[in-house]
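K.L.:
Attaching a single structure in structure tokens format; questions to follow.
The values are calculated or read from the model by the stated rules, or taken from the named source; none is laboratory data. Bear in mind that the values here come from a model prediction, so they are computed numbers and not experimental data. Heads up, the Cβs are rebuilt from the backbone with ideal geometry, glycines too, and the neighbour counts pull from every protein chain shown.
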Amino acid sequence: MEKKLVERRMRVFLYVVIFIFLVLVSRLVYMQLLQNDRFSTLARENRMRLVTIIAPRGEVYDRNGVKIVGNQPVYTVSLDTVSLASSGQEDTGEVVRRLAAILDMDPQEIQQKVDQQERFYEPVKLATRVPLEIVTRIEEQRMELPGVVIDIEPLREYPNGSLLAQVMGYVRQISPEQLEKNKDKGYKSGDLFGQSGLENTYEQYLRGQDGGRQVEVNTGGMPVRDLGVKEPVPGNNLVLTIDQKVQKAAEDALARASQEALKQGYNEARAGAAVALDVRTGAVLAMASYPGYDPVKLSGYLSQNDYNEIFNSPWKPILNRALLSYVPGSTFKMIVAMAGLEANVITPQDTISDPGYFFLGTRFNDWKPGGHGIVNMVRAIKVSCDTYFYQLGLKVGIDKITRMAEEFGLGGKTGIELPGEDAGVVAGYDAKYQLREDFLSSAAQKKVKEIEQRYNDLLAKAIGDEQRKQLLSKRSDELLAVDWELAWHEYDTIISAIGQGDNRYSMLQLANYVATIANGGTLYKPFLVQRVVDPNGKVIKENNPVVVNYAKVSPKTLAIVREGMREVTLPSDGTAYGFFAGFPPVAAKTGTAEVKDHDNHALIVGFAPYDNPEIAVAVIVEFAGHGGTMAGPVAESMLAAYFGLPDPGIKSISSPE
Amino acid sequence: MLIQSRLFKKLDYTLLASVAMIILLGLIFIYSATKPTELLPVAGSVAKNADPFSDVKRQMLWVFVGFSVMFTVFYLYYEDLMKHVRFLYVINLIMLVAVIKFGISDLGAQRWIEIGGFNFQPSEFSKLILIICFAAFLSSRKKKLDRLRDLLPSFAFFGVPILLILKQPDLGTALVLLAIMFGMLFVSGANPRLLIIIIVTVLVMLSVWIGAHLWLEANRGVTLWMPLKDYQLNRLIIFLDPWQDPTDAGYNVIQSQIAIGQGGFWGRGLFQGSQTHGDFLPIQETDFIFSVVGEELGFIGALTLLTLYFVVIYRCILITINAKDDFGTLITAGIVSMLTFHVLVNVGMTCGIMPVTGIPLPMFSYGGSSMITNLAALGLLLNINMRRQKILF
């Protein structure tokens, strides 16, 4: 080859090389100098993740500082789908399968959760309360599990197990409806929200402010550097009025009572409720509902099994039975007694002779065949004489009984800070009419409506009481013509006077009514939360006693009724005699409420000490027979716990009523 | 000794120094690329205690081996190689066949042979061997290369090894061999118009072929026969629009461009690249190591590295011109073609203007076979340079 040729060719070659390098350099200029902002943004999106630090919810303590609900840091496993997709892993299904195997989940379930995620760029939470050994296994396989993120978040823990479960309620992820309603309060999907009980009522206090952590992550979504942390602010703590000792005594005793009743052949005796109030303030000392459930099962992952057990079992452990209304039976008799005394239709000294029944068109039996003989008011309460109250009820009339019941808060919501409270029913004309109306045929319903309309107009124009009375009785006649049961009859008054008929009250209402008798007529609004305290210990809300009503009852009347209740626990034939031995003097009233086609409910209400009352209780054991026998031990255990006495346990005292 | 000292006087120190700097920078960036990223501990986790220097140490071993080979080659009379080209050519073919028969697979290709615990990549050595053989071939024939017919023997010469390499498959190296062939033909006096026509024709035909294949697949559900598997084809053309498949085929290209682009003028600082240390960059110590330079040392760093390569190539061109015989001229022409093509395709790939073919950045990327081949080539260059003229001693 000629030297010149080579030189020429290599010169051309050099030009080509220069051209190539110019192209490369201009590309670099374009990318690094002109498009630097764009690529920097892309890089930031690549590596920056805002990780939410979930704030712990406020804790809950009883009146003595015993922790009822706390928080426990648990591991959660989430899948960061963006990281998984960009990790270069060819088969993302393989990662899901591998993770599913470790978590003991169905791969399809994971896929489903991923598909349901609304904000696709946020990690999908797959499991909470993940045990350390599983966390360790994931950590060991981190390289094969790109996009799998392990976090720590605080979940509810319950140092006292199922104690107070229904009152506290539970916390779960906010539902779409709740989210819609609370959007302006800064909730976002996936946040926790109090679903029932105090967790729900005090949601705004209990919930903390989530913090955040800006982290740099690697391609697997694993954090490699902290860029900044906003610390979470824990929620506010609640100090309850509940006394953990009384609460525990109530729950344990209810369980024992149910077992005992089952043993005695009451096959449906599987539920019950108990309430204790401070008669001087309305503060709730205990509110128990049996059966209970383990609330830990409701925080974190909820298996179908657990769900069915808590929500769908025939005994519905999720219900707070202290707020459900039941037939009160004889626990109602003090209302009738007070109505009689206040209406001056009877004096405490007046007596009747009880042959064991009362006859008015038909025979109304006393619970005791052969009767109680000569009884006055105190004795009638002591032995729970039905015949006495049949007659007294008729004498007083249902309207006055209804009004007296309402004076003591019966038939209306107490206003306690819990959702789902029953208002109950006070037997009377209006209640009966409303209850029966629903069962009429549609033709009859139409007729009734027409009559209502007509008389309402007339009544509005009526002048004077006399004219009104006439109109009312005329209306009553017309309604009677449509259906006999639409009108109030004397036998309605008779059975209502012993707490049967349409009467329905919750244990909370019964306890509050007894508390009002005990404290001299002041009806308080029951409350569960004494104060709300922020994480630094500053009190931000204090609940003071709220008086709802001063019952229009003379002190003398109340004293008579209290004396009757005191007698109930005394020899020789008080219906709750035998309980409360060695206690400060206790006053009580048993109830055995008849339920159609079932065994009777067992009830007891009471207060103590008799001469200077502090605490009132109301107990029901469903379908468990005699009130004294089955509900008495529960009240006894609760009072023992309150007064610091040893728990008397189960006694085989057979109480007749 | 006398001869030696004279020889050293004629060493191309500019070339040597540039190469040394490239290798040194390479070691630093291999360290950066392979340094394990420490994860923030999630309570209870333990960081892995891997030796962050393990890859750098290995590469240093290869550099040492490479320099040994370089000095060996340097002391030979390169003219003597002429006598062994037939043997070399056959050895090369045997190695390539052996790779197909007994090779080790990784990343979807079978390119490696294991010898004594180390993996060698025969296709790397192929390049230099073929340069030497082809230089001998051309210089001994001394025929005119004006018509297509004149070029056919050359095509046959390269065709056999290229087909074997495509079988692995290693498209990148096959393309490098083509570049070497055309470069050497050009320098040896082949009709430049003819060469350009051939290259353009082949490129146009390939484009039409691929275009038709894709169009038919998308619109008619049928495909033309292709020597490439679908994923290979995808990888080859994805650089045209990586965002159409940002998580799969386009991922490498996008992440590499993000790395270089966010580097800006000064870079994010050595060992500070988030793309590199967050492992977003794929195979960052080998094919995509230039992206690490772009991210961590920015435009300044990338420009410096390119300048070093330019100096190397420029010195090679001078050596080519000054070589004392056709054999030497053609060898250096082959080497300079190889280097240029490597730099163009590798850097072009990392910044998204060249298809992803997976060829390393010479003397910079992690990898022993490539380092040894390049340093052996450097030895040849220095050898040829040293004996450039019939100068009086």
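K.L.:
Being of a type in the set (D, E, K, R), farther than 26 Å from residue B:295 by Cβ and either facing chain B (nearest Cβ under 8 Å) or touching a strand residue (DSSP E or B) at 6+ places or on another chain (Cβ under 6 Å) (or both): is that true of residue A:47 here?
P.N.:
Details: of a type in the set (D, E, K, R): yes; farther than 26 Å from residue B:295 by Cβ: no; either facing chain B (nearest Cβ under 8 Å) or touching a strand residue (DSSP E or B) at 6+ places or on another chain (Cβ under 6 Å) (or both): yes.
It is false that residue A:47 is of a type in the set (D, E, K, R), farther than 26 Å from residue B:295 by Cβ and either facing chain B (nearest Cβ under 8 Å) or touching a strand residue (DSSP E or B) at 6+ places or on another chain (Cβ under 6 Å) (or both).
K.L.:
A further question follows. Given the criteria part of a loop (DSSP other than H, G, I, E, B), crowded, with 24+ Cβ neighbours inside 10 Å and more than 8 Å from chain A (Cβ to nearest Cβ), does residue B:270 qualify?
P.N.:
In short, no.
K.L.:
A further question on this structure: Among the candidates A:485, A:450, single out the residue that is in contact with a Lys or Arg (Cβ under 6 Å, 6 or more places away or on another chain), over 25 Å from residue A:601 (Cα atoms) and without any contact (Cβ under 8 Å) to a residue 60 or more places away in the chain.
P.N.:
Details: A:450 fails: in contact with a Lys or Arg (Cβ under 6 Å, 6 or more places away or on another chain).
Going through A:485, A:450 in turn, just one is in contact with a Lys or Arg (Cβ under 6 Å, 6 or more places away or on another chain), over 25 Å from residue A:601 (Cα atoms) and without any contact (Cβ under 8 Å) to a residue 60 or more places away in the chain: A:485.
K.L.:
Restricting the range B:277-301 to residues that are assigned to a helix (DSSP H, G or I) and out of contact with any Phe, Trp or Tyr (no Cβ under 9 Å at 6 or more places or on another chain), which is farthest from the other protein chains (Cβ to nearest Cβ)?
P.N.:
Among those that are assigned to a helix (DSSP H, G or I) and out of contact with any Phe, Trp or Tyr (no Cβ under 9 Å at 6 or more places or on another chain), it is B:291.
K.L.:
Then there is this: Evaluate the following for residue B:2: is it at pLDDT below 65 and either touching a helix residue (DSSP H, G or I) at 6+ places or on another chain (Cβ under 7 Å) or of a type outside the set (Val, Ile, Thr) (or both)?
P.N.:
yes
K.L.:
One residue is enough: does the range A:380-395 have a residue meeting the conditions closer than 21 Å to residue A:554 by Cα, among the basic types (Lys, Arg) and either over 38 Å from the mean Cα position of the chain (by Cα) or outside any helix (DSSP H, G or I) (or both)?
P.N.:
Within the range A:380-395, one or more residues are closer than 21 Å to residue A:554 by Cα, among the basic types (Lys, Arg) and either over 38 Å from the mean Cα position of the chain (by Cα) or outside any helix (DSSP H, G or I) (or both).
K.L.:
Can you go through A:172, A:129, A:156 and tell me which one is more than 12 Å from chain B (Cβ to nearest Cβ), in a strand (DSSP E or B) and crowded, with 21+ Cβ neighbours inside 10 Å?
P.N.:
A:156
K.L.:
Could you go through the range A:387-407 and let me know if any residue there is buried (at least 21 other Cβ atoms within 10 Å of the Cβ), under 30 Å from residue A:240 (Cβ atoms) and out of contact with any Leu (no Cβ under 9 Å at 6 or more places or on another chain).
P.N.:
The answer is yes, given that some residue of the range A:387-407 is buried (at least 21 other Cβ atoms within 10 Å of the Cβ), under 30 Å from residue A:240 (Cβ atoms) and out of contact with any Leu (no Cβ under 9 Å at 6 or more places or on another chain).
K.L.:
A further question on this structure: Can you tell me which residue within the range B:341-351, out of those that are within 8 Å of chain A (Cβ to nearest Cβ) and touching a residue at least 40 places away in the same chain (Cβ under 8 Å), is farthest from residue A:6 (Cα to Cα)?
P.N.:
Going through the qualifying residues, I end up with B:351.
K.L.:
Taking residue A:276, is it modelled with pLDDT of 95 or more, surrounded by 23 or more Cβ atoms within 10 Å (Cβ to Cβ) and farther than 28 Å from residue A:130 by Cβ?
P.N.:
yes
K.L.:
Follow-up. Of the conditions (1) free of Cβ contacts under 8 Å to residues at least 60 places away in the same chain; (2) in contact with a His (Cβ under 9 Å, 6 or more places away or on another chain), residue B:266 fails just one. Which one is it?
P.N.:
(2) is the only condition that residue B:266 fails.
K.L.:
Can you name the number of the only condition in (1) within 11 Å of chain A (Cβ to nearest Cβ); (2) surrounded by 21 or more Cβ atoms within 10 Å (Cβ to Cβ) that residue B:325 fails?
P.N.:
(2)
K.L.:
Sticking with this structure for a sec: Looking at the range A:585-610, which of the residues that are at pLDDT 95 or above and surrounded by fewer than 18 Cβ atoms within 10 Å (Cβ to Cβ) is nearest to the chain's Cα centre (by Cα)?
P.N.:
The selected residue is A:609.
K.L.:
Is there a residue in the range A:553-566 that is assigned to a strand (DSSP E or B), under 24 Å from residue A:402 (Cβ atoms) and out of contact with any Cys (no Cβ under 9 Å at 6 or more places or on another chain)?
P.N.:
no
K.L.:
Might you let me know whether the range A:91-109 holds any residue that is of a type in the set (Val, Ile, Thr), outside any loop (DSSP other than H, G, I, E, B) and away from every other protein chain (no Cβ under 14 Å)? Before you say what the answer is, go through the steps one by one.
P.N.:
Our first condition is that a residue be of a type in the set (Val, Ile, Thr); within the range A:91-109, this holds for A:92, A:95-96, A:102.
Cutting the leftovers down to outside any loop (DSSP other than H, G, I, E, B) gives us A:92, A:95-96, A:102.
Add one more test, that the residue is away from every other protein chain (no Cβ under 14 Å), and what stays is A:96, A:102.
Yes, there is a match, as at least one residue in the range A:91-109 is of a type in the set (Val, Ile, Thr), outside any loop (DSSP other than H, G, I, E, B) and away from every other protein chain (no Cβ under 14 Å).
K.L.:
Among the listed residues B:290, B:280, B:310, which satisfies the condition of being surrounded by 24 or more Cβ atoms within 10 Å (Cβ to Cβ), of a type in the set (A, V, I, L, M, F, W, C) and modelled with pLDDT of 95 or more?
P.N.:
Every option except B:290 fails the conditions.
K.L.:
Inside the range A:199-228, can you point out the residues that are farther than 17 Å from residue A:47 by Cβ and either outside any loop (DSSP other than H, G, I, E, B) or within 14 Å of chain B (Cβ to nearest Cβ) (or both)?
P.N.:
Applying the first criterion (farther than 17 Å from residue A:47 by Cβ) to the range A:199-228 yields A:199-211.
Those that are farther than 17 Å from residue A:47 by Cβ and either outside any loop (DSSP other than H, G, I, E, B) or within 14 Å of chain B (Cβ to nearest Cβ) (or both): A:199, A:200, A:201, A:203, A:204, A:205, A:206, A:209, A:211.
K.L.:
Only one of these conditions is not met by residue A:50: (1) closer than 27 Å to residue B:260 by Cβ; (2) without any contact (Cβ under 8 Å) to a residue 60 or more places away in the chain; (3) surrounded by fewer than 20 Cβ atoms within 10 Å (Cβ to Cβ). Which number is it?
P.N.:
(2)
K.L.:
Another question, if that's okay. Checking residue A:146 against (1) within 14 Å of another protein chain (Cβ to nearest Cβ); (2) part of a helix (DSSP H, G or I), which single condition isn't satisfied?
P.N.:
(2)
K.L.:
Looking only at residues that are of a type in the set (S, T, N, Q) and in a loop (DSSP other than H, G, I, E, B) in the range A:292-318, which one is modelled with the lowest pLDDT?
P.N.:
Only one residue fits best here, namely A:303.
K.L.:
Continuing with the same structure: Across the range A:1-27, what is the number of residues that are facing another protein chain (nearest Cβ under 9 Å), surrounded by fewer than 21 Cβ atoms within 10 Å (Cβ to Cβ) and more than 30 Å from residue B:138 (Cα to Cα)?
P.N.:
Selection size over the range A:1-27: 3.
Yes/no matrix, rows are residues, columns are (1) in the same structural domain as residue A:125 (by TED's automatic domain parsing); (2) free of Cβ contacts under 8 Å to residues at least 40 places away in the same chain; (3) small (Gly, Ala, Ser):
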{"residue": "A:16", "(1), (2), (3)": "no, yes, no"}
{"residue": "A:19", "(1), (2), (3)": "no, yes, no"}
{"residue": "A:43", "(1), (2), (3)": "no, yes, yes"}
{"residue": "A:55", "(1), (2), (3)": "yes, no, yes"}
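K.L.:
Note down all Cβ pairs under 7 Å where the first residue falls in the range A:548-563 and is among the charged types (D, E, K, R), the second is in a strand (DSSP E or B), and they're at least six residues apart or on different chains.
P.N.:
As it stands, the answer is A:562/A:587, since those pairs meet every condition given.
K.L.:
Among the candidates A:211, A:228, single out the residue that is more than 19 Å from residue A:56 (Cα to Cα), surrounded by fewer than 17 Cβ atoms within 10 Å (Cβ to Cβ) and either modelled with pLDDT under 90 or of a type in the set (A, V, I, L, M, F, W, C) (or both).
P.N.:
From the options A:211, A:228, the qualifying one is A:228.
K.L.:
Keeping to the range A:336-374, report how many residues are at positive phi, touching a residue at least 12 places away in the same chain (Cβ under 8 Å) and loosely packed, with under 13 Cβ neighbours inside 10 Å.
P.N.:
Residues that pass the stated criteria total 2.
K.L.:
Shifting gears a bit: State all residues of the range A:245-275 that are of a type in the set (Lys, Arg), in contact with a helix residue (DSSP H, G or I) (Cβ under 9 Å, 6 or more places away or on another chain) and not in a loop (DSSP other than H, G, I, E, B); if no residue qualifies, say none.
P.N.:
A:245, A:248, A:256
K.L.:
Working carefully through the options A:235, A:265, A:292, A:300, find the one that is at positive phi and in contact (Cβ under 8 Å) with a residue 24 or more places away in the chain.
P.N.:
Just a single option satisfies the conditions, and that option is A:300.
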